[in-house]
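Asker: Submitted below is the structure of interest, expressed as structure tokens.
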Amino acid sequence: MPEKHALSAEHAEPSIRISPKGSARLKAGHPWVYRSDVTAPDDVPPGSLVRVTDLRGKFLGTALYSSSSQIAIRMIASEPVADLPGLIAHRIRAAIAYRRKFVADTDAYRVVFSEADFLPGLIVDRYNDVLSVQILTQAMDAEPMRGAVVATLVEEFNPAGIYERVDPRIRELEQLPARASGLMWGQKSSTVVAMNGVRFHHDGREGQKTGAFLDQRENYAAAAQYAQGEALDVFCYQGGFALHLAPKCSSVTGVDSSRPALEMADKNAALNGRELEWIEGNAFDLLKDYASSGRQYDSIVLDPPAFAKSKRDLEKAMRGYKELNLRALKMLRPGGILVTCSCSFHVSAPDFLEVVADAARDAHKFLRLLENRGQAKDHPILLNVPETSYLKCLIATLSI
Ligand code: SAH
């Protein structure tokens, strides 16, 4: 018995006890335990694999530990884990199998979405032959984990490049040493992708997120089904919606405050043989000017950045959404199409429907909901982890 114990991986890693509140959270299916629910974690090294137990010492599962995040524990398995890099490789392969089954018509999609793929702290996006990796936690930053990630991705995709996008703010929060973005594998960091038959340049070193808003990919195709006439894409970034609408519309204008984003949007238009109008400016000011000068459109897309970064911003965010939607509705012709989005996790789907309904009421207009949508399926929503669901996209038509 003692010998068997000595060989068991179960006892190789540190143990962490959690409060009844933390245990209840795990039992409800959520993978996080907050620092306030962890007892005496002082001697646990940053980024460790830990055994999680309740106050009586009953084993609850295996987790990855962060010594700095408020989310101290992210569960990784309900059993003991002997070979963590092996488990990571297995989970990446499972994530890829899910995409092969449910993602179509694109060579640009999210391959690994952190907790939603049981790989907390890891994000991988595929852009054709270039992969983009984001590492968000102490545990995932460890060399054996990085090695497992790169080896598995190379084996599965044989990419021309794997580029790591570093968010310095996250490394600071996780108390990880500074690190520059750069290639983890191969030589290539830019390429061309195609989604829904529309082509886009990708430069792994530039832009927001890992380059594109892949979570909107299915919404681009849905919006294109309804779009018509003169279209305005507000917060257009590199032209995701605008370029999808172009084949269906007589004209498309994209608006964004970022000049580099618009320069890329223009290159993307050329790549697809289209000429679109791009306007650099503040969307709030522009909508105000356009609305007061009586400009009208047949299709309007609103896809602003997250207004509510935390719960505290909720009220302000709701005012922002209301104002935007109100202004857009004033410029929409009867029978027109409104595509309106929110990527703020803290604004729930019912909250967002209500704010758009409020805007319609204030504009003395009636909107019929055509589609109530969310994020693309390569950004899976895990039902017990509300944080995995954040994108709202309503497609509606103005009836009067
Ligand atoms: N619709 C885009 C994603 C939009 S992301 C797509 O599908 O790819 C939000 C965009 O809003 C960013 O490009 C950012 O530059 C822009 N932005 C942020 N604040 C703005 C403002 N006040 N006015 C105009 N654009 C703004």
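Asker: Is it the case, given these coordinates, that residue 273 is of a type outside the set (A, V, I, L, M, F, W, C) and either within 16 Å of the ligand (Cβ to nearest atom) or free of Cβ contacts under 8 Å to residues at least 60 places away in the same chain (or both)?
Answerer: So residue 273 passes the test.
Asker: Inside the stretch 284-315, can you point out the residues that are surrounded by fewer than 12 Cβ atoms within 10 Å (Cβ to Cβ) and more than 14 Å from the ligand (Cβ to nearest atom)?
Answerer: Within the stretch 284-315, 292, 293, 294, 310, 311, 312, 315 meet the criteria.
Asker: OK, next. Would you mention how many residues in the stretch 191-228 are surrounded by fewer than 17 Cβ atoms within 10 Å (Cβ to Cβ) and of a type in the set (Gly, Ala, Ser)?
Answerer: So the count comes out to 2.
Asker: Taking the stretch 163-179, which residues are of a type outside the set (A, V, I, L, M, F, W, C), in contact (Cβ under 8 Å) with a residue 40 or more places away in the chain and surrounded by fewer than 17 Cβ atoms within 10 Å (Cβ to Cβ)?
Answerer: Matches in the stretch 163-179: 175 only.
Asker: Would you check if residue 243 is under 21 Å from residue 282 (Cα atoms) and either out of contact with any helix residue (DSSP H, G or I) (no Cβ under 7 Å at 6 or more places or on another chain) or more than 7 Å from the ligand (Cβ to nearest atom) (or both)?
Answerer: yes
Asker: Can you find a residue in the stretch 244-252 that is touching an Asp or Glu at 6+ places or on another chain (Cβ under 7 Å), modelled with pLDDT of 95 or more and part of a strand (DSSP E or B)?
Answerer: Within the stretch 244-252 (the criterion being touching an Asp or Glu at 6+ places or on another chain (Cβ under 7 Å), modelled with pLDDT of 95 or more and part of a strand (DSSP E or B)), the answer is yes, since at least one residue qualifies.
Asker: Hey, another quick one. Just a yes or no: is a residue in the stretch 201-219 polar (S, T, N, Q), more than 10 Å from the ligand (Cβ to nearest atom) and modelled with pLDDT of 95 or more?
Answerer: no
Asker: Still on this structure, please answer the following. Name the residue that is farthest from the ligand (Cβ to nearest atom), counting only residues in the stretch 258-270 that are surrounded by 13 or more Cβ atoms within 10 Å (Cβ to Cβ) and among the hydrophobic types (A, V, I, L, M, F, W, C).
Answerer: Across the stretch 258-270, the extreme among qualifying residues is 269.
The values are calculated or read from the model by the stated rules, or taken from the named source; none is laboratory data. Not measured: the values here are computed from a predicted model. Positions of Cβ are generated from backbone atoms using ideal geometry, with glycine treated the same way; all protein chains shown enter the neighbour counts.
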